[in-house]
Amino acid sequence: MTQDPTLVERVEYISINDSQPEEPGPVVPHERQIVDQVIAIWKEDPTTENLGVPKLHAIVKQKHPNWTVSEKRVKQLLKKFGLLSSQEQYTYAKDIKSELTPDIELPPKVQVVMTSKRGKCLYAKKPISKDELIWSEAPLFFVPPLANVHLVEHGSACANCGKLLQQTEMKTVLKGLDCDVCAEVWCSIKCKQMDAQLHGTLKHNVFNPSLKKPKIVDSNAFLELQEYCLKESWNALYAITLIYANMLLDKSGVKQKQFNAMARVSQDVRYKALDSGGGSFDNMNGGALFVQEQQETLWKEGYEKFLRVFPKDPISYKEFLLFMGTYNINNLDSSVFLTQSHLNHNCDPNTTVDTASDRISGLKVYAKRDIKEGEELTTTYVNPSHTLYQRQRELRVNWGFICTCNKCKSDAKESERRKSSSSSKKQDAKDIRNMLKETKKQVGDGEIELEIPHDNSTERRKSVRFDETVVAVSN
Ligand SMILES: [Zn+2]
Ligand SMILES: [Zn+2]
Ligand SMILES: [Zn+2]
């Protein structure tokens, strides 16, 4: 008996994909349309990430019957954009440099070890028991939520921590917790004290270069930059501006030295990983691949605005990109923590990092299980419940390395095992299809519907991959 392969393929794909309205006339799609479509297919159903090029091509054709695109072209494009899973992937871990941190006070059971391959690592000096608090720390640089900036300006959120203030609370806080110069208020004495110097520096300085001692910040330029960051949803630019102001206010210079000793990498080096691995990760650009030239224009625009905020202390464009890249790989919930930034990644980490809900109180690091003396302390940079493929890509794009932890190794084995078992299931489905076709032939009319048995094991999983904050890279 001969099979009709097109029929078999059609039946199979119709059952797993939403059909789309027919598009008129044949078109030759642009390469970015094809790549975006493949990424959209993966996003819709992560199980399709394991499919080979012929099947992906078939799904693309099914979604766009009018597209003139060969399997060969799909393959070439996936290769060009570094999206073939078998392909050698661009990494930049080798470009990340770090130094031993000056003036750091380490928790009693923890020591820093400098390694050639993975930079600074934290190790347990003594055994640590499950659930034990290993350390707590306040942020080295606190960065409030950019989204609350307008609420802060109207006195509806704390000028330091960004906490939203209730009406009744606002009346009480006005007792000494408001700014004498502008409309901003703080939620507590603690916040007011913490913020006093930075607030005045950023918000109340009219820059006058003819003054004997010109101020370090031009407040008008800062307010303009703040608006710009909001408009572009550019959290990293906002953050490094606040951090740089903080550094300049720190007369000892220690904070700057500590930041500069962190794992350092330039944003343009990170961007290459994004460009080679499906730019659609990028929330900021709405799912379209953002071309390098556009990205550079944006960086330069941001750099100009940054320079205007600090007329006395300019940095070079190269330093600016380094600043941004370093911030992006080291921040946690926007803020930067000194000891925590030493923790390396593992998809099955032995610590849990708890950040306080009020944001400014800092974080607490607990042992997730018993930790032996001499064991490395690890955290996870990505959501451990994501699939192997998602984690690998997030880690490669955002932190520049390919994870080879035990969880990744065992997940890879598991996925191999599933692949071979799913091909045997496919064989079963094929046998049933043949049987149905045979029956149909015997009955001799079209009344019997060809139905593929539903396979519960491949039920569509909710995809979180592109919706979550991997945004760091975009900034
Ligand atoms: Zn506050
Ligand atoms: Zn003020
Ligand atoms: Zn891993």
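Here I134 meets each of (1) more than 16 Å from ligand 1 (Cβ to nearest atom); (2) crowded, with 17+ Cβ neighbours inside 10 Å; (3) at pLDDT below 95 with one exception, condition (3). Note on the stretch 341-357: among residues that are under 18 Å from the mean Cα position of the chain (by Cα), more than 16 Å from ligand 3 (Cβ to nearest atom) and surrounded by fewer than 20 Cβ atoms within 10 Å (Cβ to Cβ), the one that is nearest to R118 (Cα to Cα) is V353.
As a summary of the residue check, K126 satisfies the conditions (1) farther than 30 Å from V265 by Cβ; (2) not assigned by TED's automatic domain parsing to the domain that holds S98 except for the one numbered (2).
Quickly run through the stretch 358-385 and pick out the residues that are modelled with pLDDT under 85 and crowded, with 19+ Cβ neighbours inside 10 Å. R359, I360, listed by residue number.
Take L338 and tell me if it is surrounded by 20 or more Cβ atoms within 10 Å (Cβ to Cβ) and over 29 Å from C187 (Cα atoms). So that I can check it myself, show each step before the final result.
Values: surrounded by 20 or more Cβ atoms within 10 Å (Cβ to Cβ): yes; over 29 Å from C187 (Cα atoms): no.
No: the conditions fail for L338.
Here is the figure for the stretch 191-226: residues that are in a helix (DSSP H, G or I) and free of Cβ contacts under 8 Å to residues at least 60 places away in the same chain total 14.
Filtering the stretch 171-188 for residues that are away from ligand 1 (no atom under 14 Å from the Cβ), acidic (D, E) and surrounded by fewer than 19 Cβ atoms within 10 Å (Cβ to Cβ) leaves a non-empty set.
Could we say that Y271 is closer than 30 Å to V112 by Cβ, among the aromatic types (F, W, Y) and modelled with pLDDT under 95 here? Walk me through how you get there before you give the answer.
On the way: closer than 30 Å to V112 by Cβ: yes; among the aromatic types (F, W, Y): yes; modelled with pLDDT under 95: yes.
Here the answer is yes, as Y271 does meet what is asked.
Give the number of residues within the stretch 366-395 that are more than 26 Å from F141 (Cβ to Cβ) and among the aromatic types (F, W, Y). Can you show your working first?
Restricting attention to the stretch 366-395, the residues satisfying the condition of being more than 26 Å from F141 (Cβ to Cβ) are 367-375, 384-393.
With the extra rule that they be among the aromatic types (F, W, Y), the set shrinks to 389.
Going through the stretch 366-395 one residue at a time, the tally reaches 1.
Which of the residues spanning the stretch 374-395 are of a type outside the set (A, V, I, L, M) and touching a Ser or Thr at 6+ places or on another chain (Cβ under 6 Å)? Steps first, please.
Initial filter on the stretch 374-395 (of a type outside the set (A, V, I, L, M)): 374-376, 378-381, 383-387, 389-394.
Selection gives T379 alone.
Somewhere in the stretch 68-84, is a residue aliphatic (A, V, I, L, M) and touching a strand residue (DSSP E or B) at 6+ places or on another chain (Cβ under 8 Å)? Step through it out loud before you land on a result.
If we filter the stretch 68-84 for residues that are aliphatic (A, V, I, L, M), which is where we start, we get 69, 74, 77-78, 83-84.
Remaining after also requiring touching a strand residue (DSSP E or B) at 6+ places or on another chain (Cβ under 8 Å): none.
Taking every residue of the stretch 68-84 in turn, none turns out to be aliphatic (A, V, I, L, M) and touching a strand residue (DSSP E or B) at 6+ places or on another chain (Cβ under 8 Å).
Has the stretch 99-110 got any residue that is surrounded by 14 or more Cβ atoms within 10 Å (Cβ to Cβ) and modelled with pLDDT under 85? No: zero hits.
Scan the stretch 245-261 residue by residue and report those that are touching a residue at least 60 places away in the same chain (Cβ under 8 Å) and among the small types (G, A, S).
First, pick out the residues of the stretch 245-261 that are touching a residue at least 60 places away in the same chain (Cβ under 8 Å): 245-246, 248, 254-255, 257-261.
Answer for the stretch 245-261, where residues must be touching a residue at least 60 places away in the same chain (Cβ under 8 Å) and among the small types (G, A, S): A245, A261.
Could you list, in sequence order, all residues of the stretch 201-226 that are surrounded by 18 or more Cβ atoms within 10 Å (Cβ to Cβ) and either within 34 Å of the chain's Cα centre (by Cα) or at positive phi (or both)? Matches in the stretch 201-226: T201, L202, K203, I216, V217, D218, S219, A221, F222, L225, Q226. Taking the conditions (1) in contact with a Phe, Trp or Tyr (Cβ under 7 Å, 6 or more places away or on another chain); (2) part of a loop (DSSP other than H, G, I, E, B) in turn, C187 satisfies each one other than (1). Applying the condition of being touching a residue at least 60 places away in the same chain (Cβ under 8 Å) and β-branched (V, I, T) to the stretch 337-365 and asking which residue is farthest from F141 (Cα to Cα) yields T351.
Summed over the stretch 52-83, the residues that are surrounded by 16 or more Cβ atoms within 10 Å (Cβ to Cβ) and modelled with pLDDT under 85 give a count of 4.
Filter the stretch 231-252 down to the residues that are surrounded by fewer than 16 Cβ atoms within 10 Å (Cβ to Cβ) and in contact with a helix residue (DSSP H, G or I) (Cβ under 8 Å, 6 or more places away or on another chain) and list them by number. S233, L249, D250, listed by residue number.
Scanning the stretch 355-410 for residues that are in a loop (DSSP other than H, G, I, E, B), among the small types (G, A, S) and farther than 17 Å from C121 by Cα yields A356, S357, S361, G362, S385.
The values are calculated or read from the model by the stated rules, or taken from the named source; none is laboratory data. Quick caveat, the model's predicted, so the values are computed rather than measured. We place every Cβ from the backbone using ideal geometry, glycine too, and count neighbours over all the protein chains shown.
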